[in-house]
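The values are calculated or read from the model by the stated rules, or taken from the named source; none is laboratory data. Treat the numbers as computed from the prediction; the structure is a model and nothing was measured. No Cβ is skipped: glycine too gets one built from the backbone with ideal geometry, and neighbour counts run over all protein chains shown. Accessible surface areas use protein heavy atoms only, side chains included; no ligands, DNA or RNA. Shrake-Rupley method; radii C 1.70, N 1.55, O 1.52, S 1.80 Å.
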Amino acid sequence: MQTLPGCSTGICASIGRTCSDLRTVQRVIEAGAGNIRFALGLRDRDFFKDLDVVQEAASAADQTIHLLFDLPSTRPRVGEMPTHRFHAGDRVLIKDQERFDGVGAGFIPVPGIRAFGNKLKRGDRIFFRDSRQEFRLQTDGNEPLLIAECITCAEAIQSCVGCSFPDSDMAFKPISNQDADLMRAVAERGVHPSAVVPSFITGPEPLLETRAFVDEVWPGKGVQVLAKFEVASALDIIDDLLAVADGGLIGRGDLGMSLAPEHLPHAQRQVAEGTRKAGKPFLVASQILERYAATGMPYRAELSDVSLSIQQGAQIIVLCQETNDSQRPVEAVAMARRIIEAEAACAS
């Protein structure tokens, strides 16, 4: 992964709804993003069109851009549905189907969720989009109808957002068949990422499985496999995961759903110290400059958060919603760059 000139930290911007046209991607690169993240779980996107845009933008900016492939695992995601905001107390059906069928507004399509039915029980919570929407199951997962009640819904639910099950004992495979096919197609184009990041890792085995796949598809290309820390149990085996990974990434959005919020700063420090001890890169992702990207106001807490991550040794600051679904993707990258360069100046 690529750092800013003269700095020990770099920026990774995410492709998405508000960062996908040629001009915006080129401006994001020019603003300081030397790395681009592709969230392969965004099934509503044309991956190869996005890849072509990034390559064209990099060429226009005369820069080498490193690619990060963020794998969604086999965790269920919301299917195709119109954007809809539920309200506390609303009861909805969660259906195992690919798309909304146009009958009423009281259901959410989640293809594949029935495969995990025996892991879901009445009272379990289901989170969508980093817990911005919280539902609680009113039925067991193996009952004919899967019914949930809305507890909170800070934002509307839309297609492709991920589901999390903080009260359920679920294990997901690191690479779905669809993502495996996609990465093989990328390799056939002669393109390779700098890093691949499997999601919801709870032990070394998924990392080893991912590395075996990467070495098969991109032999000799040095594609890194990063351990993403986004479930609480992964914090208990930091050393074991980093022993087989090329670096560690803390995904604070999902991790914040399995930890009490007051424990998140300590968790970040744990991962930072673990990667430093292992001599491997440390990446920080999600909820970094979201308010700034939404409002244009430079909140002191967010600025300090980026500064602290740099001081903890973050090699890469990964902007997620800040670029892929915000009002100010270019400005978010520019602000992150200003903080990184200011920290480098103070350290010199």
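The gain in end-to-end length when the GLU273 to ASP52 segment is fully stretched comes to 75.8 nm, 0.36 nm per residue minus the alpha carbon separation. Summing +1 for each Lys or Arg and -1 for each Asp or Glu among the other residues whose beta-carbon sits under 12 angstrom from that of HIS84 gives -1. When you count the other C-beta atoms within 10 angstrom of each residue and take the mean per peptide, 267-275, 201-209, 340-348 line up highest first as 267-275, 201-209, 340-348. Seen against the Cα atoms of the chain and their longest principal axis, helix 177-188 is set at about 30 degrees.
Note on SER59 and SER348: their simple-model spin labels are 3.4 nm apart, each label 7 Å out from Cα toward Cβ.
On full extension, the segment bounded by ALA88 and ASN118 gains 8.2 nm, given 0.36 nm per residue less the C-alpha separation.
Were the residues from ASP239 through ASP140 laid out at 0.36 nm apart, the gain over their Cα-Cα distance would be 32.0 nm.
Which of GLY313, GLY222, GLY248 moves the most in a Gaussian network model of the chain with Cα springs under 10 Å? Top of the fluctuation ranking is GLY222. For the stretch 48-111 versus the stretch 244-274, the inter-centroid distance based on Cα atoms is 24 Å. Here's the list of lysines a cross-link from LYS280 could span, going by alpha-carbon distance under 28 Å and ignoring same-chain residues fewer than 8 apart: LYS173, LYS221, LYS228. Relative to the longest principal axis of the Cα atoms of the chain, helix 329-347 runs at roughly 50 degrees. The C-alpha atoms of the chain define a longest principal axis, and helix 264-278 lies at about 50 degrees to it.
Which net charge results for the neighbourhood of LEU42, defined as the other residues with beta-carbon distances under 14 angstrom from its beta-carbon, given Lys and Arg at +1 and Asp and Glu at -1? Net charge in that neighbourhood comes out at +1. Summarising the label geometry, the points placed 7 Å from Cα in the beta-carbon direction at GLU205 and ILE147 lie 3.7 nm from one another.
Inter-label distance, ARG184 to GLU262: 5.1 nm, where each label sits 7 Å from its Cα along the C-beta direction. Across the accessible surface of the stretch 34-79, with the other protein chains kept in place and a 1.4 Å probe, carbon and sulfur atoms take up 42 percent. FRET efficiency for the pair ALA212 and ALA171, taken as 1/(1 + (r/R0)^6) with r the Cβ-Cβ distance and R0 = 22 Å, rounds to 0.75.
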